[in-house]
Amino acid sequence: MKMGIFLISILYSLFILSFSLQSGETSGSLSGSFVEAITTFVSQMFPRLIIDIELWHTIIRKIAHMASFGIAGVLWTISFQGFRKKWIYILGIGLVLSVVGEVLQLFVQGRGPSIIDALVFNYGGYLLGGTFCFIIIINRKYNKKNNVS
């Protein structure tokens, strides 16, 4: 295991967990600024389209969950390349990271944990990222073994 990517994986994991420690107001305003920018853009592109801000806010938040945990899945998959039983570590870290991210919200004003967020959006995003990375790694090994450019 390369120590550099392992350290990056740890730091990134701590970074995404730090979002769980934001107050409900801070978290909402962060995603709200993205929603405002996107709805402004969509409104200009499609002026007759009726936009439900709350729906967009939910969609943006869920995409952010999946994307941030997907990146973690990629990083941890790379970190454990070459390990025996690497999938136990990779899957275990993802599950712990997903659940801890939601449990931390128990201690923050205006926030609360969600089993759906933990398992579907956090862990689901993590698994998608890890699977994507794994497919690329397998493809590269196959191409290298078979001298495919």
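The values are calculated or read from the model by the stated rules, or taken from the named source; none is laboratory data. The structure presented is a predicted model; accordingly, all values stated were derived computationally and were not measured. Counting neighbours? That spans all protein chains shown, and the Cβs are built from the backbone with ideal geometry, glycine included.
Does residue 5 satisfy the criteria of being in contact (Cβ under 8 Å) with a residue 12 or more places away in the chain, among the β-branched types (Val, Ile, Thr) and assigned to a loop (DSSP other than H, G, I, E, B)?
No.
When segment 1-55 is examined, which residues are found to be over 20 Å from residue 66 (Cβ atoms) and among the acidic types (Asp, Glu)?
Of everything in segment 1-55, those that are over 20 Å from residue 66 (Cβ atoms) and among the acidic types (Asp, Glu) turn out to be 25, 36, 52.
Which residue out of 50, 10 is modelled with pLDDT of 90 or more and among the aliphatic types (A, V, I, L, M)?
After ruling out the rest, the residue left standing is 10.
For segment 100-128, enumerate the residues that are under 12 Å from the mean Cα position of the chain (by Cα), closer than 18 Å to residue 61 by Cβ and in contact (Cβ under 8 Å) with a residue 12 or more places away in the chain.
101, 117, 118, 119, 121, 122, 123, 124, 125, 126, 128, listed by residue number.
Residues that are surrounded by fewer than 20 Cβ atoms within 10 Å (Cβ to Cβ) and in contact with a Ser or Thr (Cβ under 7 Å, 6 or more places away or on another chain): list the helices (runs of 4 or more DSSP H) wholly contained in segment 41-149 that include at least 1 such residues.
In segment 41-149, the matching helices (runs of 4 or more DSSP H) lie at 53-79, 123-145.
Any idea which of (1) over 13 Å from residue 13 (Cβ atoms); (2) in contact with a helix residue (DSSP H, G or I) (Cβ under 8 Å, 6 or more places away or on another chain) is the one residue 98 doesn't satisfy?
Only one criterion in (1) over 13 Å from residue 13 (Cβ atoms); (2) in contact with a helix residue (DSSP H, G or I) (Cβ under 8 Å, 6 or more places away or on another chain) is unmet by residue 98, namely (1).
Only one of these is more than 30 Å from residue 82 (Cα to Cα), at pLDDT 90 or above, surrounded by 13 or more Cβ atoms within 10 Å (Cβ to Cβ) and touching a Lys or Arg at 6+ places or on another chain (Cβ under 9 Å): 20, 27. Name it.
20
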